[in-house]
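What follows is a short report on a single structure.
The values are calculated or read from the model by the stated rules, or taken from the named source; none is laboratory data. As the structure is a prediction and not an experimental result, all values here were calculated from the model. All Cβ positions, glycine included, derive from the backbone under ideal geometry; neighbour counts span all protein chains shown. These accessible areas exclude ligands, DNA and RNA; they are computed on the full protein's heavy atoms, side chains included. Shrake-Rupley method; radii C 1.70, N 1.55, O 1.52, S 1.80 Å.
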Amino acid sequence: MSGEEMTDSATVLEMHGVGKAFPTPRGSVQVLRDVAFALRPGEFVAVTGPSGSGKSTFLNLAGLLDQPSAGRVLIEGRDVSALDEAALSAIRKNCVGMVFQNFHLLPHRSVRENVAFRFRYVDIERGAALDAADRTLAALGLGHLREQPARLLSGGEMQRVAIARAVALRPKLLLADEPTGNLDRDSAHTVMETFRGLNEDGISVILATHNESLLAYCARRFVCRDGRLEEQAA
């Protein structure tokens, strides 16, 4: 399914009146205000905005790494705003993949071991996890790197391995926070084509970026300003 095809009326992610405040010695700081957002299956969405505008906080809420101070967050129609950490962890494991600017790979482990690390909290034997890692790498055109130590990869290869790890459990939602920030132009293009392929295969993607050239990959665009999320014309 491409990012423009909407054959399913269900939503992957919803936010209703979401706010997020953080305590400081000088009082509470409101980072997000009254955010309304809905992501449907197969969408590829970009979120832009200056540093400090709330993009990373928005992604942390979408990825269930944090909880809102106000409002509701729903994953596939389920309100997750007040769940305990064990329940949130189970949903993150099965529904959400995350990719960051820094690759967070284990440098002395092989590529396949890094991807298999995604299965560490799943009831699966090590051999089966490695086999699943191999299938994911092959699907992303990285099978030839499976035995390579992560420290010997190029920056673009490291990010593609990080993506493989994020999608090894086939999440419904993939969140990417400045995933090309440490890459040259050619490597960034390869990484974005990887995201495009995953999106066309049915995974919904939210990309947070400062890079205007990446917006061409996204069917919908939002900008974060002063803690508010506003949709822009594509």
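Solvent exposure of segment 1-150, expressed per residue, is 51 Å² of accessible area, with all protein chains present and a 1.4 angstrom probe.
Taking amide H atoms as placed 1.01 Å from N in the peptide plane, the amide H of residue 13 lies under 5 Å from those of 39, 76, each 5 or more residues away in sequence or on another chain. Which lysines, on any chain, are close to residue 172 with Cα under 21 Å apart, when same-chain ones fewer than 8 places away are left out? Residue 172 reaches 55, 93. In terms of packing, defined here as the mean over residues of other Cβ atoms within 10 angstrom, the peptides 80-93, 124-137 line up highest first as 124-137, 80-93. By the Kirkwood approach, averaging reciprocal distances over each pair of separate Cα atoms, segment 65-192 gets a hydrodynamic radius of 15.6 Å.
Residues in segment 196-209 carry Karplus couplings, in order, of 4, x, 5, 5, 5, 8, x, 8, 6, 10, 10, 10, 9, 7 Hz; the curve used is 6.51 cos²θ - 1.76 cosθ + 1.60 with θ = phi - 60°, and Gly or Pro positions show x. Each residue of segment 219-232 is assigned a 3J(HN,Hα), and the resulting list reads 7, 10, 9, 10, 10, 9, 9, 6, x, 10, 9, 10, 7, 10 Hz, derived from the Karplus form 6.51 cos²θ - 1.76 cosθ + 1.60 (θ = phi - 60°), x at Gly and Pro. Relative to the first principal axis of the alpha-carbon coordinates of the chain, what is the inclination of helix 126-139, with its axis defined by its Cα atoms, in degrees from 0 to 90 and to the nearest 10? Once rounded, the angle reads 80 degrees. Modelled label positions at residue 148 and residue 81, each set 7 Å beyond Cα in the direction of Cβ, lie 4.6 nm from each other.
Considering amide H positions built from the backbone, and no H for Pro or chain starts, which residues 5 or more places from residue 81, or on another chain, come under 5 Å of its amide H? Hits under the 5 Å cutoff: 73.
Around the amide H of residue 222, modelled in the peptide plane, lie the amide H atoms of 46, 47, 48, 232, all under 5 Å away and 5 or more residues distant in sequence or on another chain. The Kirkwood radius of segment 114-165, taken over pairs of alpha-carbon atoms, gives through the Stokes-Einstein law at 25 °C and 0.890 mPa s a diffusion coefficient of 220 µm² s⁻¹.
What's the magnitude of the charge dipole for the chain around its Cα centre, counting Lys and Arg as +1 and Asp and Glu as -1 at the beta-carbon? Answer in Debye, nearest 20. Could you put the intermediate results ahead of the total?
On the way: 27 positive and 29 negative charges, 104 e Å.
Roughly 500 debye, rounded to the nearest 20.
Each residue of segment 162-171 is assigned a 3J(HN,Hα), and the resulting list reads 4, 5, 4, 4, 5, 9, 4, 9, 6, x Hz, derived from the Karplus form 6.51 cos²θ - 1.76 cosθ + 1.60 (θ = phi - 60°), x at Gly and Pro. Between the Cα long axis of helix 85-95 and the first principal axis of the chain there is an angle of about 60°, rounded to the nearest 10.
In terms of overall dimensions, the chain has a Cα radius of gyration and Dmax of 17.6, 54 angstrom.
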